[in-house]
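The next block holds one structure in the form of structure tokens; read it before the comments.
The values are calculated or read from the model by the stated rules, or taken from the named source; none is laboratory data. Just so you know, these numbers come straight off a predicted model, no measurement behind them. For neighbour counting, all protein chains shown are included, and Cβ atoms are generated from backbone atoms with ideal geometry for every residue, glycine included.
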Amino acid sequence: MWGIDSFDQWGVELGKVPAVAIIPELESATDPELGHDSSTNALMRLYRTLKD
């Protein structure tokens, strides 16, 4: 979409940026305040519901 190849090194490094914030939110014992876009928030809530 933005001309980024997600499989080249630059794309991989760019993907790590949101992962640093998202992983702790997914692993949190309490419901964290989610400040992502609506689809990401919905997927994170679904994951947190299904993992229990």
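If only residues of segment 23-49 that are closer than 23 Å to G3 by Cβ and assigned to a helix (DSSP H, G or I) are counted, the one that is modelled with the highest pLDDT is S39.
Residues are listed down the side, and each one gets a yes or a no for (1) touching an Asp or Glu at 6+ places or on another chain (Cβ under 7 Å); (2) surrounded by 11 or more Cβ atoms within 10 Å (Cβ to Cβ):
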residue	(1), (2)
V17	no, no
I22	no, yes
P32	yes, yes
G35	no, no
S38	no, no
N41	no, yes
L50	no, no
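Checked against (1) at pLDDT below 90; (2) acidic (D, E); (3) surrounded by 10 or more Cβ atoms within 10 Å (Cβ to Cβ); (4) within 15 Å of the chain's Cα centre (by Cα), E13 passes all but a single condition, namely (3). Restricted to segment 1-10, and to residues there that are assigned to a loop (DSSP other than H, G, I, E, B) and surrounded by 10 or more Cβ atoms within 10 Å (Cβ to Cβ), the residue that is farthest from the chain's Cα centre (by Cα) is D8.
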